[in-house]
Amino acid sequence: MSQASDQIAKDIAENDVMLYMKGTPVFPQCGFSAAVVHVLSELGVKFKSADVLKDPELRQGIKEFSNWPTIPQLYVKGEFVGGCDIIKEMFESGELDTFLKDKGITLENVQ
Amino acid sequence: MTAPRTVAESLRAKFETAFGPVELVIVDESAHHAGHSGARDGGQSHFRVRIVSASFAGLSRVERQRRVYALAAEEIAAGLHALALTTLTPEEAAKQS
């Protein structure tokens, strides 16, 4: 296990909702990352994020860890949910609300 | 058959072979992303892809897109920055429209 994969395993175990993104939630550095932040904020989901642009090892490591070549990547309760397209699609169909609620995640903006 | 010349043509050929899609749309959106860190000179960095294929039945969204990404691995290594993916079965596509 590389250092990056150890860190990722720890992050996704300790944080119910963990987003790997470019930039920060306040200053996303990529439209795809911004879109996922927007969806999570819209639902009122508390999440932790990691900026892959600050750490080249993490940037490569998360791609290998998830077997997924692009950023952003969302983990919920240790499970890889998907990238921007999947999150947007699940949000638009209402599936994301249900998925998160089933996982025991609090949605502050959803009844 | 001549060798594929553009990234879109190359992706199209791979997706056609792998998925036997009933619908395959590949749009080069690189121009929208010009100046962005993932963009490159000459474009061909950002694509929107819609694939409707019966071969996706029974697969999760993540599994479907992993298959698409696996096919595009060479292009990604060569500078393809983003694929905006929609991966549907014919039944799902019918429900959408």
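Quick notes
- For the residues A:Glu64, A:Glu95, a 1.4 Å probe over the protein chains yields an accessible-area ranking, largest first, of A:Glu64, A:Glu95.
- Expected 222 nm ellipticity per residue - DSSP helices of 4 or more, -39500 (n - 2.57), all of chain A, to 500: -14500 deg cm²/dmol
- For B:Leu80, no residue whose modelled amide H falls within less than 5 Å of its own remains once neighbours fewer than 5 places apart on the same chain are excluded.
- The C-alpha atoms of chain A occupy a region whose extents along the principal axes are 41, 26, 21 Å, arranged from largest to smallest.
- Projection of the Cα convex hull of the range B:42-97, averaged over all directions and equal to a quarter of that hull's surface, yields 4.2 nm².
- Check: the protein assembly as shown dipole with +1 on Lys, Arg Cβ and -1 on Asp, Glu Cβ, in debye: 180
- In the structure shown, the pairs A:Lys48/B:Lys95; A:Lys46/A:Lys88; A:Lys77/B:Lys14; A:Lys46/B:Lys95; A:Lys10/B:Lys95; A:Lys77/B:Lys95 are assessed against 29 Å; a Cα-Cα span above that value is assigned to A:Lys48/B:Lys95; A:Lys77/B:Lys14; A:Lys46/B:Lys95; A:Lys10/B:Lys95; A:Lys77/B:Lys95.
- Rounded to whole numbers, the Karplus 3J(HN,Hα) couplings from phi for the range A:79-93 are 9, 6, 9, x, x, 4, 5, 5, 5, 5, 4, 5, 5, 5, 8 Hz, using 6.51 cos²θ - 1.76 cosθ + 1.60 with θ = phi - 60°, and x at Gly and Pro.
- Accessible surface ranking for B:Lys95, A:Lys48, A:Lys103, A:Lys22, 1.4 angstrom probe, highest first: B:Lys95, A:Lys48, A:Lys103, A:Lys22.
- Straight-line reach from A:Lys63: taking Cα to Cα under 17 Å and skipping same-chain neighbours fewer than 8 places apart, the aspartates and glutamates in range are A:Asp6, A:Asp11, A:Asp51, A:Asp55, A:Glu79, A:Asp85, B:Glu63, B:Glu74, B:Glu75.
- List B:His32, B:His81, A:His38, ordered by accessible area with a 1.4 Å probe, largest first: B:His32, A:His38, B:His81
- Computed over every Cα-Cα pair of the protein assembly as shown and binned at 5 Å starting from 0, the pair-distance distribution P(r) comes out as 1, 7, 14, 18, 19, 17, 13, 7, 2, 1, 0, 0 percent.
- Model label points for B:Glu23 and B:Ala94, set 7 angstrom from Cα along the Cα-to-Cβ axis, are 1.3 nm apart.
- Residue-normalised accessible area of chain A, expressed per residue, 1.4 Å probe, Å²: 50
- FRET efficiency, A:Leu107 to A:Asn67 (Cβ-Cβ, R0 35 Å, nearest 0.05): 0.80
The values are calculated or read from the model by the stated rules, or taken from the named source; none is laboratory data. The model shown is predicted, which means the values in this text are computed figures rather than measured ones. A quick note on method: Cβ atoms are made from the backbone with ideal geometry, for glycine too, and the neighbour counts reach across all protein chains shown. Each accessible area value is taken on the protein alone, full model and side chains, heavy atoms only, with ligands, DNA and RNA left out. Shrake-Rupley method; radii C 1.70, N 1.55, O 1.52, S 1.80 Å.
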